[in-house]
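Below you'll find the structure, written out as structure tokens, and then a few comments.
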Amino acid sequence: MSTDIVITGLGATTPLGGDATSTWDALLAGRSGVARMEDEWLEKFDLPVRIAARLVVEPTEVLPRVEARRMDRCEQVAVIAARQAWADAGLGEDGVEKERLGVVLGTGIGGAVTLLDQDDLLETAGLRKVSPLTVPMLMPNGPAAHVGLDLKARAGVHSPVSACASGAEALAWAFKMIKAGEADVVVAGGAEACIHPLPLAGFSQARTMSTRNDEPEKASRPFDVSRDGFVLGEGAGVMVLEREDFARARGAKIYGKLAGIGTSSDGYHITAPDPEGNGQARAITAALRVAGIDKADVGHVNCHATSTPAGDVTETVAIRKAIGDHPVLTAPKSSFGHLLGAAGAVEGLATLLAVRDGIIPATLNLDELDPGVQLDVVSGEPRKVELQAAVSDSFGFGGHNVALVFTKA
């Protein structure tokens, strides 16, 4: 029995598109999903950040009104992306035994908007106005739980919460479930939707966000010397992972393979990465070892690069340690902002499609490369490169590191 793991279905809803195809097309076209916000609370709280990367397609345009009202926004985007991925995989109602179907959906923050809005209701209108669905809407396992219920998955439903590495860790967890024989098919990814005054205020006070409010589309600029922080985004990315022999037996189309996963922790600082990049390098090295791939065969790295002054250079130090100077880099957060817990899943999707299509999207707004970045970063136009293997990096507050290796089918 083969335990190689293939991807057979993709789903996404992002600041670039309402599905995986439109998101990928917009990424290749060099579009930006960042725009100036017009919310009334911007003036009320006098926030220094006035830009964000919001969804192109509102969840209420996709989900029935009654269903949408019973879910937090992060749960809504998870369900939308998961349904797309499931339909794309063509498994239908009886394509896999429910006892052999798992779900792993990560989130960094979860239902924060519900928590904050319901607290406002409690304080201003009293107990009777608080929704009886408050707890299932705010709990971090809500996105995974809703998807699991939607698909009637019974092999296990899991919710990794590891900050900005959550979506990537969900894919790694799915990989482990299949390898361990716990499931034949796992629906996995990440979801986040917390564009709200409090997270924006918290990130602003930590001085991690861009304040380039007059040029929203130019605000997220990974690896550029003038970068000043990330732009908050929202969305979800989901993949259907299957045991290869199971997928081939049912004649499924295959996008490629998740060939290796690697995780590590820095043990260094709650928000700052280890400046030596040692933990990140260990995760990448572990992923290559699991995949059985020589570092010389890695042609591309999809970088976590958030556009923060310290983090971007540290990541390139780790890449050079683990892989070398030859891989070609890109940083998609320049296009759709930082999706937090969904970032690793959406960027994993982009890495997979780069391998399949032999093309690497350009990093936007890279006018002058930081001299500390001693690697080749694609900018200007997408670059056609024949790829056998590519790495997707994800790192999160707390020192969480995840690396994923994708290869051709």
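Bear in mind these aren't lab numbers, they're just calculated from the coordinates by the rules spelled out. Note that the structure is predicted; figures quoted are calculated from it, not measured. Cβ atoms come from the backbone with ideal geometry, glycine included; neighbour counts cover every protein chain shown.
Tabulated data
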item: Cut-off under 5 Å, modelled amide H: who pairs with VAL104 long-range; result: HIS158, VAL187, ALA188, GLY189
item: Of LYS176/LYS333; LYS333/LYS384; LYS152/LYS295; LYS179/LYS253, those spanning more than 31 Å from alpha-carbon to alpha-carbon; result: LYS152/LYS295
item: Rg over Rh, two decimals, segment 253-307 (C-alpha only, Kirkwood Rh); result: 1.03
item: Neighbour net charge for VAL225 - beta-carbon separation under 11 angstrom, K R +1, D E -1; result: -4
item: Overall form of segment 86-156 per C-alpha gyration tensor (a/c, 1.5; a/b vs b/c); result: prolate
item: Calculated diffusion of segment 16-64, Stokes-Einstein form, Kirkwood radius summed over Cα pairs, 4 °C and 1.567 mPa s, µm²/s; result: 102 µm²/s
item: Charge dipole magnitude, Cβ of K and R +1, D and E -1 - segment 1-142, Cα centre, debye nearest 20; result: 140 debye
item: Cα point-scatterer Debye curve for segment 1-118, base-10 log of I(q)/I(0) at q = 0.10, 0.21 Å⁻¹; result: -0.43, -1.39
item: Rounded, prolate or oblate (a/c below 1.5 giving rounded, otherwise prolate when a/b exceeds b/c) for the chain by Cα gyration tensor; result: oblate
item: The chain, helix-only ellipticity at 222 nm - DSSP H runs n ≥ 4, -39,500 (n - 2.57), divided by all residues, nearest 500; result: -10000 deg cm²/dmol
item: Fraction of beta bridges assigned by DSSP in the chain that are antiparallel (%, nearest 5); result: 65 percent
item: Dipole moment magnitude, nearest 20 debye, segment 271-403 about Cα centre, only Lys, Arg, Asp, Glu C-beta charged; result: 380 debye
item: Cα gyration tensor category, rounded, prolate or oblate, for segment 274-399 with a/c compared to 1.5; result: rounded
item: Size of charge dipole - segment 202-314 - debye, nearest 20, with Cβ of Lys, Arg +1 and Asp, Glu -1, no other charges; result: 400 debye
item: Residue of ALA29, ALA283, ALA291 that the Gaussian network model of the chain assigns the largest fluctuation, springs spanning Cα pairs under 10 Å; result: ALA29
